[in-house]
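Down below is the structure, laid out as C-alpha coordinates.
The values are calculated or read from the model by the stated rules, or taken from the named source; none is laboratory data. Just so we're clear, the structure is a prediction, and the values are computed from it rather than from any experiment. Each accessible area value is taken on the protein alone, full model and side chains, heavy atoms only, with ligands, DNA and RNA left out. Shrake-Rupley method; radii C 1.70, N 1.55, O 1.52, S 1.80 Å.
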Amino acid sequence: MRLCLLVTTVGFVSCASLAAAADKTIHDQDNGFSLTFPEKWTKEPPSGEAMLRLVINSGDPSLTCMVSASLYNTSGPGSPADPRKFIEDWSMNTWKAMIGRPFSTADFSNDKLARFPDGYPVRLADVDFTVEDKNVSLHGHSRFAFSVRGARFGYVNCAVISENIEQVEQMWAPLAEQAERVVSSFVLDAR
(Lines give C-alpha, C1' and ligand atoms only; values in the text may rest on other atoms or scores of the structure.)
Protein backbone atom coordinates (compact mmCIF):
# COMPACT_ATOMS: atom_id res chain seq x y z
CA MET A 1 0.00 0.00 0.00
CA ARG A 2 2.80 2.43 0.91
CA LEU A 3 4.62 1.62 -2.33
CA CYS A 4 1.46 2.36 -4.31
CA LEU A 5 1.05 5.68 -2.48
CA LEU A 6 4.70 6.56 -3.11
CA VAL A 7 4.44 5.75 -6.84
CA THR A 8 1.20 7.74 -7.12
CA THR A 9 2.71 10.72 -5.28
CA VAL A 10 5.89 10.72 -7.39
CA GLY A 11 3.81 10.43 -10.55
CA PHE A 12 1.55 13.30 -9.48
CA VAL A 13 4.51 15.54 -8.58
CA SER A 14 6.17 14.74 -11.91
CA CYS A 15 3.00 15.57 -13.85
CA ALA A 16 2.54 18.78 -11.84
CA SER A 17 6.12 19.78 -12.62
CA LEU A 18 5.61 19.10 -16.32
CA ALA A 19 2.38 21.11 -16.31
CA ALA A 20 4.11 24.05 -14.64
CA ALA A 21 6.97 23.80 -17.14
CA ALA A 22 4.43 24.08 -19.95
CA ASP A 23 3.35 27.53 -18.74
CA LYS A 24 4.67 30.80 -20.10
CA THR A 25 4.98 34.01 -18.09
CA ILE A 26 4.96 37.43 -19.65
CA HIS A 27 6.30 40.32 -17.59
CA ASP A 28 5.43 43.57 -19.31
CA GLN A 29 7.77 46.03 -17.60
CA ASP A 30 6.49 49.00 -19.63
CA ASN A 31 2.91 48.51 -18.43
CA GLY A 32 3.73 46.97 -15.04
CA PHE A 33 2.11 43.53 -14.97
CA SER A 34 2.86 39.83 -15.17
CA LEU A 35 0.63 37.01 -16.37
CA THR A 36 1.19 33.26 -16.66
CA PHE A 37 -0.69 31.10 -19.16
CA PRO A 38 -0.33 27.73 -20.93
CA GLU A 39 2.48 27.84 -23.47
CA LYS A 40 0.29 26.34 -26.23
CA TRP A 41 -2.04 29.36 -26.08
CA THR A 42 -1.61 32.00 -28.76
CA LYS A 43 -0.72 35.61 -28.12
CA GLU A 44 -2.69 38.00 -30.30
CA PRO A 45 -2.17 41.68 -30.97
CA PRO A 46 -4.49 43.84 -28.85
CA SER A 47 -7.39 45.47 -30.67
CA GLY A 48 -7.53 49.24 -31.10
CA GLU A 49 -8.50 49.72 -27.45
CA ALA A 50 -5.86 52.05 -25.97
CA MET A 51 -5.58 50.39 -22.55
CA LEU A 52 -5.65 46.78 -23.75
CA ARG A 53 -2.10 45.44 -23.31
CA LEU A 54 -2.26 41.70 -23.96
CA VAL A 55 -4.68 39.22 -25.54
CA ILE A 56 -4.18 35.46 -25.31
CA ASN A 57 -6.41 32.75 -26.73
CA SER A 58 -6.74 29.09 -25.72
CA GLY A 59 -7.89 27.81 -29.11
CA ASP A 60 -11.18 26.02 -29.78
CA PRO A 61 -13.52 26.34 -27.90
CA SER A 62 -12.16 29.77 -27.44
CA LEU A 63 -11.28 31.16 -24.04
CA THR A 64 -9.87 34.63 -24.54
CA CYS A 65 -8.00 36.48 -21.81
CA MET A 66 -7.35 40.21 -22.04
CA VAL A 67 -5.13 42.33 -19.82
CA SER A 68 -5.51 46.04 -19.28
CA ALA A 69 -2.99 47.95 -17.16
CA SER A 70 -2.15 51.59 -16.93
CA LEU A 71 -0.87 54.39 -14.77
CA TYR A 72 -3.38 56.76 -13.26
CA ASN A 73 -3.27 60.10 -11.53
CA THR A 74 -3.40 59.26 -7.81
CA SER A 75 -4.44 62.82 -6.95
CA GLY A 76 -7.09 63.05 -9.69
CA PRO A 77 -10.83 63.30 -9.00
CA GLY A 78 -12.33 59.94 -8.02
CA SER A 79 -8.94 58.34 -7.33
CA PRO A 80 -8.91 56.32 -4.11
CA ALA A 81 -6.94 57.92 -1.29
CA ASP A 82 -5.86 54.46 -0.12
CA PRO A 83 -5.80 51.96 -3.04
CA ARG A 84 -5.27 48.99 -0.70
CA LYS A 85 -8.37 49.89 1.35
CA PHE A 86 -10.32 50.58 -1.86
CA ILE A 87 -9.71 47.00 -3.06
CA GLU A 88 -10.27 45.47 0.39
CA ASP A 89 -13.62 47.29 0.79
CA TRP A 90 -14.79 46.47 -2.77
CA SER A 91 -18.45 45.43 -3.15
CA MET A 92 -20.76 44.00 -5.80
CA ASN A 93 -21.88 47.57 -6.51
CA THR A 94 -18.26 48.50 -7.19
CA TRP A 95 -18.00 45.63 -9.70
CA LYS A 96 -21.12 46.92 -11.47
CA ALA A 97 -19.91 50.54 -11.51
CA MET A 98 -16.27 49.86 -12.48
CA ILE A 99 -16.47 46.78 -14.72
CA GLY A 100 -20.15 46.25 -15.61
CA ARG A 101 -20.81 49.47 -17.53
CA PRO A 102 -19.87 48.32 -21.06
CA PHE A 103 -22.24 45.34 -20.88
CA SER A 104 -25.98 45.42 -21.59
CA THR A 105 -26.40 43.14 -18.53
CA ALA A 106 -23.77 42.06 -16.03
CA ASP A 107 -24.48 39.73 -13.10
CA PHE A 108 -21.44 39.40 -10.83
CA SER A 109 -20.89 36.48 -8.45
CA ASN A 110 -18.14 34.73 -6.48
CA ASP A 111 -16.54 38.01 -5.41
CA LYS A 112 -13.53 37.41 -3.20
CA LEU A 113 -10.50 39.20 -1.90
CA ALA A 114 -7.20 37.54 -2.78
CA ARG A 115 -3.58 38.60 -2.39
CA PHE A 116 -0.64 39.04 -4.72
CA PRO A 117 2.38 36.97 -3.64
CA ASP A 118 3.63 39.87 -1.48
CA GLY A 119 0.25 40.31 0.21
CA TYR A 120 -1.14 43.20 -1.84
CA PRO A 121 -4.95 42.89 -2.43
CA VAL A 122 -6.66 41.93 -5.68
CA ARG A 123 -10.40 41.34 -6.28
CA LEU A 124 -11.68 38.28 -8.15
CA ALA A 125 -15.20 37.66 -9.48
CA ASP A 126 -17.24 35.89 -12.14
CA VAL A 127 -19.68 37.72 -14.39
CA ASP A 128 -22.46 36.46 -16.64
CA PHE A 129 -23.05 39.13 -19.24
CA THR A 130 -24.94 40.14 -22.35
CA VAL A 131 -23.82 42.55 -25.05
CA GLU A 132 -26.47 43.81 -27.45
CA ASP A 133 -25.86 45.76 -30.62
CA LYS A 134 -28.68 46.36 -33.08
CA ASN A 135 -29.98 42.86 -34.00
CA VAL A 136 -27.14 40.90 -32.39
CA SER A 137 -27.20 39.65 -28.81
CA LEU A 138 -24.13 37.90 -27.41
CA HIS A 139 -23.90 36.13 -24.05
CA GLY A 140 -20.78 35.34 -22.10
CA HIS A 141 -19.15 34.27 -18.88
CA SER A 142 -15.95 35.73 -17.54
CA ARG A 143 -13.53 35.48 -14.62
CA PHE A 144 -11.99 38.83 -13.59
CA ALA A 145 -9.11 39.96 -11.40
CA PHE A 146 -8.86 43.70 -10.69
CA SER A 147 -6.46 45.73 -8.56
CA VAL A 148 -5.15 49.21 -7.91
CA ARG A 149 -1.58 49.29 -6.69
CA GLY A 150 0.28 52.53 -6.08
CA ALA A 151 -0.06 54.57 -9.27
CA ARG A 152 -1.16 51.52 -11.34
CA PHE A 153 -4.46 49.83 -11.96
CA GLY A 154 -5.23 46.82 -14.06
CA TYR A 155 -7.29 43.74 -14.68
CA VAL A 156 -7.31 40.43 -16.46
CA ASN A 157 -10.55 39.14 -17.93
CA CYS A 158 -10.86 35.54 -19.22
CA ALA A 159 -14.12 35.02 -21.11
CA VAL A 160 -16.13 32.82 -23.44
CA ILE A 161 -18.82 34.35 -25.67
CA SER A 162 -21.60 32.82 -27.75
CA GLU A 163 -25.00 33.64 -29.21
CA ASN A 164 -26.82 31.47 -26.65
CA ILE A 165 -26.55 31.00 -22.91
CA GLU A 166 -26.51 27.18 -23.02
CA GLN A 167 -23.51 27.17 -25.33
CA VAL A 168 -21.70 29.59 -23.00
CA GLU A 169 -22.25 27.17 -20.10
CA GLN A 170 -20.99 24.23 -22.19
CA MET A 171 -17.93 26.18 -23.32
CA TRP A 172 -17.07 27.46 -19.83
CA ALA A 173 -17.29 24.16 -17.92
CA PRO A 174 -14.12 22.54 -19.33
CA LEU A 175 -12.20 25.84 -19.35
CA ALA A 176 -13.06 27.19 -15.87
CA GLU A 177 -9.99 25.70 -14.19
CA GLN A 178 -7.62 27.10 -16.83
CA ALA A 179 -9.29 30.51 -16.59
CA GLU A 180 -8.89 30.50 -12.81
CA ARG A 181 -5.20 29.62 -13.12
CA VAL A 182 -4.55 32.44 -15.59
CA VAL A 183 -6.59 35.03 -13.69
CA SER A 184 -4.97 34.06 -10.38
CA SER A 185 -1.51 34.55 -11.91
CA PHE A 186 -2.13 38.25 -12.64
CA VAL A 187 0.25 40.55 -10.73
CA LEU A 188 0.62 44.33 -10.92
CA ASP A 189 4.14 45.60 -10.37
CA ALA A 190 4.80 47.35 -7.09
CA ARG A 191 6.44 50.39 -8.73
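Structure summary
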{"quantity": "Mean Kyte hydropathy of 1.0 or more with a Cα span along the axis of at least 20 Å, helices from DSSP in the chain", "calculated": "2-21"}
{"quantity": "Kirkwood hydrodynamic radius over Cα pairs of the stretch 123-165, then Stokes diffusion coefficient at 25 °C and 0.890 mPa s, in µm²/s", "calculated": "209 µm²/s"}
{"quantity": "Estimated Rh, the stretch 34-191: Kirkwood, alpha-carbon pairs, angstrom", "calculated": "16.2 Å"}
{"quantity": "Rel. contact order, % - alpha carbon contacts under 8 angstrom, at least six apart, the chain", "calculated": "19 percent"}
{"quantity": "Highest-fluctuation residue, 78, 150, 32 considered, GNM on the chain with Cα pairs under 10 Å", "calculated": "78"}
{"quantity": "Accessible-area composition of the chain, carbon plus sulfur, in percent [1.4 Å probe]", "calculated": "56 percent"}
{"quantity": "Max mean-square fluctuation residue, GNM over the chain, Cα-Cα springs under 10 Å, options 94, 36, 64", "calculated": "94"}
{"quantity": "Net length gained if the chain between residue 107 and residue 29 were fully extended (0.36 nm per residue, minus Cα distance)", "calculated": "24.8 nm"}
{"quantity": "Probe 1.4 Å, protein heavy atoms only - accessible area per residue of the chain in square angstrom", "calculated": "57 Å²"}
{"quantity": "Set of aspartates and glutamates near residue 112 by C-alpha distance (under 15 Å), chain-local residues within fewer than 8 positions excluded", "calculated": "88, 89, 126, 180"}
{"quantity": "Mean projected area (nm²) of the alpha-carbon convex hull when the stretch 24-80 is viewed from all directions", "calculated": "5.1 nm²"}
